[in-house]
Each structure stands twice: as structure tokens, then as C-alpha cells.
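Laboratory data are not the source of any read-out in this text; all were calculated from the coordinates shown. Values in this document were obtained by computation on a predicted structure and should not be read as measured data. Quick reminder, even Gly has a Cβ in these numbers, built from the backbone with ideal geometry, and neighbours come from all protein chains shown.
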Amino acid sequence: MKKKRLIATMLSVAVAATLFAGCAKKDGAGKSAGAKLQFGMATDQGGLGDKSFNDAAKKGLDDAQSQFSDKVSKPNVLESKQAENYEPNLTTLAKTNDLTVGVGFLMKDAVEKVAKANPNKKFVLIDETSTLKNVKSLTFKANEGSFLMGVIAGKTTKTNKIGFIGGVSSPLIEAFEAGFIAGVKAVNPAAAADLVSKKTVKYAGSFGDSGKGYELAKSLYNDGCDVIYHAAGATGLGMFKAAKETGKWAIGVDQDQAVTNKDYASVILSSMLKKVDVAVTSACKEVVDGNFKADVTVYGLKEGAIDMAPSTSTNTKADVIDLANKYKKAIVDGKFTVPSTVKDLANFTAPAL
């Protein structure tokens, strides 16, 4: 009888232990309480240190790790020196990471291929869209912020010659170009003429060639441009060098580049903030909270993820900033839509403010 009781007791303990194990707390990714989530990121060709797009995405991961340090490990980052690195880097990251971020529209094909091969893993694609059920797309209305940069450039130029330098020619960078030209056109049509005709629009064919950025900017400044706006990632770093050498104005992008490039702060009028870090942190939080959504999230002026840099007030006149803010409010209020293509730009007329 005693032997039967002993066996019964042991079985009860075993069942209870199994139940407790099954009821152990899980985090948003279904891991046990002691296991931390791992987030990773593959850069585009600009790499870390671009003081722009890739650095902003990395900051988003770092902020998530800091905010959820008890649940998230330090992020893994692999740099892609060329397009051939995209898929291998993403594949490596997907093996060990709960969420893998692909930085930039050039990585769409690679992200989707790796996501299909890893249906149980989560991915983020920046600046492009995907319909896959494990990919979250983060897109930005860069044309809206670029419009504000155009207003600043159009009201600051003394020569009525303004330049634009893009990285890789694409619909995404065309949105920067079109928005910028629309802003110039709204406040100074004469200064927009060479931009519209493409005379002062240059593309480097790369987001990671600062030497090419310097060469293109130097050419534009020497041809009479006194303000240039870039949407070229690390390529744009060369523009700042050329601006300082010639004593002309430059406008940055993605981050407050007068802060990230302090040596060139004296020649930076403004920067168009594209808060990739905020969007990436938000996506990470979804994973932590267990409510990751494979949707397309769009960020613009209204959402506060596109804006003028705080340092704008250092070199830009107060009345110009006031005018830019008036246009900002009009855009947020839906008074007009900023062109996102050169084709749309042809029929654009800014409303009177």
C-alpha cells in the first residue's frame, strides 16, 4: 500500500512540474522568460558611419535594446559593401535573430527571398513594400520634408542657382528630388528653372561614394549654385567637404547632419529629418509586445517622423523658418499634396499662404 502511495505521489510531482513548465512566462516572441530576443540589421552599401540612413536605423535598434534591456540583447549588424552581400548577410542574420532589418529599397528582393526561406522569422524592410506575411514595410513621405528644404533653399539663394545630388536613381530618390524642386518653385520659381531642366540635378549612382559626392558638388558650386541638397547617404558627405571649401551652403538629409558632421556645421543650412530610428524602434517594440504586424506603415510630417532638423535655426533666417513652418502646417492640414514624381511636379502649383 505504501509503495502505491509513493508512486502516486511521484506521479503527482511530475505532473505538477510539467504544468509549471508549460505555464512559464513567455515574451512576445514565444521565448521563455530567461531568453532574450535578438534583433539584427544588414546595412546597404553606405554602411555604418554614413551619419545618415544606416546610422539612423542602427540607432533604432540600439534604442530598442536600451528600452527593453531585460528582454533584448545587443543588436547584430552586418555591413553590405556591395549588392552581392545583401542576401548572404540577411541569411546569416535570419539564423539567429528574431527580427532582421533590411536597410533600403535596394534590398527588397534579397529580403523577400530570405523571408520566404524563413517563414517563422520576422523581417523589416525600409523604404520599400512587401506583401509577405512575415515582412513589415516602413516607408516615409520624404517628398514632404524635401519640400521644406526647397523652401529654405529657395529663400536663401543669392544666385538663383540651386543643386540636387541623388544617390542611386530610383522612384524613392525621385521623391526627394520632386519634393525639393516643388518647394523651391513655391517660393522662388526663377531658382527652380535649372532644377526642372535637370541642369543642376546630379546622380552619383551610389550611396557610399563620398569622393563622387565631392566631385559632383564641386562642379555644381563652381557652376554658380550656392545651395545644394543631397539625398545620397554617405555619398553626401563629400558634398559637405565641397561646401566648406567653396564657402557655399549645403542641406543634409535623414539625420541632423550639422550635429553628426560637426566639422561642417557652419555650412549646413538645414537637414531633412527622416526618423528611421523611431520607426525601427517601433517595429522592435511590436516584437517585444507580441503583436508584430506584417503591414505597410507610412510616416510623414503628420506622424512627426519627417521634419526640419533642430539645428536649422543656427544658419537659416527666422523668417524663412517661419515660412517653412507655414507650409508644413498646410501639408499636415491637407491643404495640398507635395509631388512625389517629376511628372507630378510639372502640374504642381503651391497654394498661396
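Pick the calculated mean projected area of the Cα convex hull in nm² for this structure from (1) 20.6; (2) 23.5; (3) 17.6?
The value matching this structure is (1).
Restricting to bridges with both residues inside the chain, how much of the DSSP beta-bridge set is antiparallel, in percent to the nearest 5? Each step should come with its number before you reach the end.
Working: 4 of 40 bridges.
Of the beta bridges lying entirely in the chain, close to 10 percent run antiparallel.
Against the longest alpha carbon principal axis of the chain, how many degrees, from 0 to 90 and to the nearest 10, is the axis of helix 142-156 turned?
30
Summing Lys, Arg as +1 and Asp, Glu as -1, what charge do residues with Cβ under 14 Å from the Cβ of Gln82 carry, Gln82 excluded? Kindly include the intermediate steps, with their values, before the conclusion.
On the way: positive: Lys81; negative: Asp44, Glu79, Glu84, Glu87, Asp209.
Once all neighbours under 14 Å are counted, the net charge is -4.
Quick one: net charge around Glu177, please, counting Lys, Arg +1 and Asp, Glu -1 for every other residue with C-beta under 11 Å from its C-beta. Intermediate results must be reported in sequence, preceding the final value.
Details: positive: Lys198, Lys202; negative: Glu174.
Its environment carries a net charge of +1.
Using the per-residue mean of other Cβ atoms lying within 10 Å as a proxy for protection, in what order, highest first, do the peptides 232-240, 292-300, 131-139 fall? Please report the intermediate quantities before stating the final value.
Working: 232-240: 29.6, 292-300: 16.4, 131-139: 18.0.
Top to bottom by mean Cβ count within 10 Å: 232-240, 131-139, 292-300.
Obtain the nm distance between the two label points defined at Asn291 and Lys262 by a simple spin-label model: each point lies 7 Å from its Cα along the Cα-to-C-beta direction.
Taking the two extended label points, one gets 4.0 nm.
Have a look at Thr92, Ile162, Ala265 and report the one farthest towards the positive end of the charge dipole of the chain, computed about the Cα centre with Cβ charges (Lys/Arg +1, Asp/Glu -1).
Final value for the positive-end residue is Thr92.
Using the structure shown, list the pairs from Lys81/Lys285; Lys81/Lys133; Lys59/Lys122 with a Cα-Cα distance above 25 Å, or answer none. Spell out each step's value before the answer.
Numbers: Lys81/Lys285 29 Å; Lys81/Lys133 28 Å; Lys59/Lys122 19 Å.
In this structure, Lys81/Lys285; Lys81/Lys133 exceed 25 Å between Cα atoms.
Quick one: compute the contact order of the range 126-252, relative version, from alpha carbon pairs under 8 angstrom and 6+ residues apart, as a percent. Numbers along the way, then the final one.
Numbers: 254 pairs, mean separation 33.3, N = 127.
Reported as a whole number, the value is 26 percent.
What lysines does Lys218 reach when the alpha-carbon gap must be under 18 Å and sequence neighbours fewer than 8 apart in one chain are set aside?
Lys158, Lys161, Lys198, Lys199, Lys202, Lys241, Lys244, Lys248
Most exposed first by the Cβ proxy, i.e. fewest other Cβ within 10 Å, how do Glu128, Glu112 rank?
Details: Glu128 22, Glu112 19.
The fewest-first ordering by Cβ neighbours comes to Glu112, Glu128.
Sort Ser169, Ser73 so the one with the fewest other Cβ atoms within 10 Å of its own Cβ comes first. Let's see the in-between values first.
Details: Ser169 12, Ser73 16.
Placing the least packed residue first, the sequence is Ser169, Ser73.
Say the dipole of the chain comes from +1 at the beta carbon of Lys and Arg and -1 at that of Asp and Glu; which of Ser219, Tyr327, Val196 then lies farthest toward its positive end?
Most positive-ward Cα: Tyr327.
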